[in-house]
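Input: a single structure, listed below in structure tokens.
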Amino acid sequence: MFAIAEALNEEYHELADAGCPVIQIEEPQIHLVAVRNIQDAVINPKFMAELFNRTVKGLRAKTEGLAHSCWGNPSAQRMFASVQSYKPALDAYNTVDADVITFESSASAASISKPSARS
């Protein structure tokens with residue numbers, strides 16, 4: 001996974017160096033790992049945030065970076081029988097190296113829970 005992150009990072013830097021003013025990266029794994037309560041020694045929300053940060057390392061010095069998170073899929077089908085919350089992932093999202101983090105919340109009536117302060 002880190003090798004893929006490094007390869008993507010190189011490509012994103014090429015885009016930024018070519019003048020791309022904003023790069024938005026889809027980041028579904030932080031909240032999906034958190035809501036599924038996957039907490040083993042390797043795969044967990046903290047690891048997924050670290051993986052994202054390696055993918056975008058150094059980009060914010062060149063361009064605006066956005067992380068987008070959503071519950072959907074290309075077929076617009078729900079992944080869970082009930083509406084889920086981003087709440088279990090908020091601590092991990094607070095460590096994401098992005099200028100903006102967007103949360104898709106149309107399926108949950110904008111219910112994210114009380115946001116935590118970002119440093």
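The values are calculated or read from the model by the stated rules, or taken from the named source; none is laboratory data. Since the model is a prediction, treat every value here as computed from it, not as a measurement. Counting neighbours? That spans all protein chains shown, and the Cβs are built from the backbone with ideal geometry, glycine included. These accessible areas exclude ligands, DNA and RNA; they are computed on the full protein's heavy atoms, side chains included. Shrake-Rupley method; radii C 1.70, N 1.55, O 1.52, S 1.80 Å.
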Looking at the stretch 4-29, which of its residues are open to solvent by 80 Å² or more (accessible area, probe 1.4 Å) and over 13 Å from the mean Cα position of the chain (by Cα)?
Ile4, Glu6, Glu10, Glu11, Glu14, Leu15, Asp17, Ala18, Pro21
State all residues of the stretch 30-52 that are touching a residue at least 40 places away in the same chain (Cβ under 8 Å), open to solvent by less than 40 Å² (accessible area, probe 1.4 Å) and within 15 Å of Asn94 (Cα to Cα); if no residue qualifies, say none.
Ile30, His31, Ala34, Pro45, Met48, Ala49, Leu51, Phe52
Within the stretch 54-65, of all residues that are in a loop (DSSP other than H, G, I, E, B) and out of contact with any strand residue (DSSP E or B) (no Cβ under 6 Å at 6 or more places or on another chain), the one most open to solvent (accessible area, probe 1.4 Å) is Lys57
Go over the candidates Ser105, Ser113 one by one and state the one that is surrounded by 13 or more Cβ atoms within 10 Å (Cβ to Cβ) and modelled with pLDDT under 75.
Ser105
Of the residues Leu51, Leu8, Leu15, which is within 30 Å of Val83 (Cα to Cα) and in a helix (DSSP H, G or I)?
Leu51
